Amino acid sequence: MTPYFRQIPVDQVDTSTFPAGAKTPSDASFGVALNLAMVREVGMELTGDANWNPSSHGVLTTSIDDGLVTVCFVPSGMPPQNVAVHMFRLGHFKEGIDFLEFVIREHPSNADVLYNLGLAYNETGRFEEAVQRLGRAGEMRPLQADIWVAQGLAYFKLGKMEMAERAQRQALAIEPANMRALKNLGAVLSEQKKHREALPLLQQVLAANPDDLRSALGVSMNVAMMGLEASIEELDLAQDVVKKLIAKAAGSDIATAAKEVSSQLAQTRMRVNAAGESKVRGDVVIYMTEALLRMGKMPPEERNKLILEVAQITSGGVSINDPSSDYAVPSLGESFTGLQLMSMLYAGIQQVRPEVDIGIDFSREYAIAQARVLGKH
């Protein structure tokens with residue numbers, strides 16, 4: 001038998017069948033009449049029999065609080081949290097949360113109810129309330145790792161990173177192999193820009209479930225955010241991962257994110273190859289200087305057409321770290337490497353629409369190239 005839960009304002013209760021002396025809440029017999037009416041209503045809903053005996057199947061409760069009538073039926077042997085889970089599965093989150101709050105008022109020390117209430121608040125974006133309920137549950141059951149995991153998630157959503165980190169570490173102190181805690185802690189550390197510390201945690205989660213596309217994306221994103229701190233091996237491995245993600249998750253939000261990460265990784269890989277502490281690419285400076293000189297000899301309309309043509313070619317993606325890459329530009333009758341093409345595009349965009357972000361930062365190289373061109377005139 002399924003559970004039942006409903007809340008209605010007392011002034012909306014149908015009292016047409018109530019006895020004459022039990023029509024309003026102030027009448028002494030109103031509570032009895034209300035309970036009998038609810039027994040019939042719940043019986044018809046659950047069994048098709050208005051004359052059923054609720055006590056043979058579970059516990060039915062009817063109460064009035066602050067002008068609200070609450071009707072609740074819990075089947076025999078079903079824990080309150082399972083009643084709420086049943087409601088959540090039906091998409092009735094508000095009713096499920098209201099039910100758990102109703103139960104916790106009656107049984108304030110029920111850690112299972114508090115925990116599930118916290119999960120529900122997390123699911124519905126009510127993170128402050130989640131922290132409160134999960135905090136109480138944690139006080140009662142300090143050694144239940146999942147409570148700390150859920151509380152850490154709530155703190156993360158609230159932007160309280162130190163509290164989120166502390167909660168996830170507490171979960172791992174209790175249960176070192178808790179994958180959700182490992183994943184969440186990795187995300188917290190990454191958000192705090194502790195990317196080197198986050199990486200082995202995220203890699204451990206991925207190793208446990210190599211088919212999890214979001215975990216794979218998380219590892220690659222973390223490496224991309226490490227920037228020049230990442231090793232060449234880490235950058236290349238992450239790039240291999242995102243290439244597979246783009247193929248496996250084609251057309252999804254994961255593939256879109258993976259393409260952005262791929263671009264970041266390629267740029268970092270390019271910078272790693274640059275000599276000197278400034279990490280300025282001398283070859284890019286040369287390519288940009290050539291592009292600026294070429295475009296400087298063109299009428300504005302011809303230059304703009306070239307920039308649009310190059311933008312269309314690069315929109316499909318180009319490899320900036322492969323010197324053997326070859327991309328033809330028909331209007332020029334020439335072919336260029338991916339790095340040459342992106343250098344040309346960056347230089348062109350800076351000439352006509354400098355506010356546009358093409359997904360790559362060549363600002364240092366452009367400044368040097370522009371100075372060289374101006375020095376030639």
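The values are calculated or read from the model by the stated rules, or taken from the named source; none is laboratory data. The shown structure was predicted, so the numbers you read here are calculated from the model rather than taken from an experiment. Glycine gets a Cβ as well: all are built from the backbone with ideal geometry, and neighbour counts include every protein chain shown. These accessible areas exclude ligands, DNA and RNA; they are computed on the full protein's heavy atoms, side chains included. Shrake-Rupley method; radii C 1.70, N 1.55, O 1.52, S 1.80 Å.
Restricted to region 50-71, and to residues there that are open to solvent by less than 30 Å² (accessible area, probe 1.4 Å) and within 38 Å of the chain's Cα centre (by Cα), the residue that is nearest to MET1 (Cα to Cα) is VAL71.
Quick check, is ALA37 closer than 26 Å to MET163 by Cβ and either out of contact with any Asp or Glu (no Cβ under 8 Å at 6 or more places or on another chain) or not aromatic (Phe, Trp, Tyr) (or both)? Answer is no for this residue.
So is GLU139 over 16 Å from the mean Cα position of the chain (by Cα) and not hydrophobic (A, V, I, L, M, F, W, C) or not? Taking the combined requirement at face value, the residue satisfies it.
Set side by side, the residues ILE286, ILE320, ILE246, ILE232 differ, and just one is within 18 Å of ILE358 (Cβ to Cβ) and among the aliphatic types (A, V, I, L, M), which is ILE320.
Among the residues of region 1-44, those identified as over 22 Å from PHE99 (Cβ atoms), open to solvent by less than 50 Å² (accessible area, probe 1.4 Å) and outside any helix (DSSP H, G or I) are THR15, PHE18, ASP27. Mind checking whether some residue in region 187-203 is farther than 23 Å from GLN144 by Cβ, open to solvent by 40 Å² or more (accessible area, probe 1.4 Å), among the acidic types (Asp, Glu) and without any contact (Cβ under 8 Å) to a residue 24 or more places away in the chain? Scanning region 187-203 turns up at least one residue that is farther than 23 Å from GLN144 by Cβ, open to solvent by 40 Å² or more (accessible area, probe 1.4 Å), among the acidic types (Asp, Glu) and without any contact (Cβ under 8 Å) to a residue 24 or more places away in the chain. The set of residues in region 56-86 being in contact with a helix residue (DSSP H, G or I) (Cβ under 9 Å, 6 or more places away or on another chain), under 18 Å from ASP112 (Cβ atoms), small (Gly, Ala, Ser) and not in a helix (DSSP H, G or I) consists of SER76 alone.
Screening region 109-141 for residues that are assigned to a loop (DSSP other than H, G, I, E, B) and over 23 Å from ASP65 (Cβ atoms) and picking the one that is least open to solvent (accessible area, probe 1.4 Å) gives GLY125.
Within region 72-86, work out how many residues are among the aliphatic types (A, V, I, L, M) and buried (at least 20 other Cβ atoms within 10 Å of the Cβ). Selection size over region 72-86: 3. Within region 235-246, at least one residue is surrounded by fewer than 16 Cβ atoms within 10 Å (Cβ to Cβ), within 25 Å of the chain's Cα centre (by Cα), within 15 Å of SER319 (Cα to Cα) and not acidic (Asp, Glu).
Among the residues making up region 45-55, those that are part of a loop (DSSP other than H, G, I, E, B) and of a type outside the set (Asp, Glu) are THR47, GLY48, ALA50, ASN51, TRP52, ASN53.
Considering (1) modelled with pLDDT of 90 or more; (2) farther than 30 Å from ASP146 by Cα; (3) open to solvent by less than 40 Å² (accessible area, probe 1.4 Å); (4) β-branched (Val, Ile, Thr), the lone condition that THR47 does not fulfil carries the number (3).
Restricting attention to region 101-123, which residues are farther than 17 Å from MET140 by Cα, at pLDDT 90 or above and not charged (D, E, K, R)? ALA120, TYR121, ASN122 - these are the residues of region 101-123 that are farther than 17 Å from MET140 by Cα, at pLDDT 90 or above and not charged (D, E, K, R).
Can you find, within region 12-45, the residue that is nearest to the chain's Cα centre (by Cα) among those that are of a type in the set (S, T, N, Q) and closer than 21 Å to ASP66 by Cβ? The extreme case among them is GLN12.
Whenever a residue of region 210-221 is within 12 Å of ALA198 (Cα to Cα) and free of Cβ contacts under 8 Å to residues at least 24 places away in the same chain, its partners that are buried (at least 17 other Cβ atoms within 10 Å of the Cβ) and aliphatic (A, V, I, L, M), lying with C-beta atoms within less than 7 angstrom and at least six residues away or across chains, give the pairs VAL219/LEU202; VAL219/LEU206; VAL219/ALA238; VAL219/VAL241. Scanning region 87-108 for residues that are open to solvent by less than 70 Å² (accessible area, probe 1.4 Å) and outside any loop (DSSP other than H, G, I, E, B) yields MET87, PHE88, PHE93, GLY96, ILE97, ASP98, PHE99, LEU100, GLU101, PHE102, VAL103, ILE104. Residues in region 58-96 that are among the polar types (S, T, N, Q) and more than 27 Å from GLY125 (Cα to Cα): THR61, THR62, SER63, SER76.
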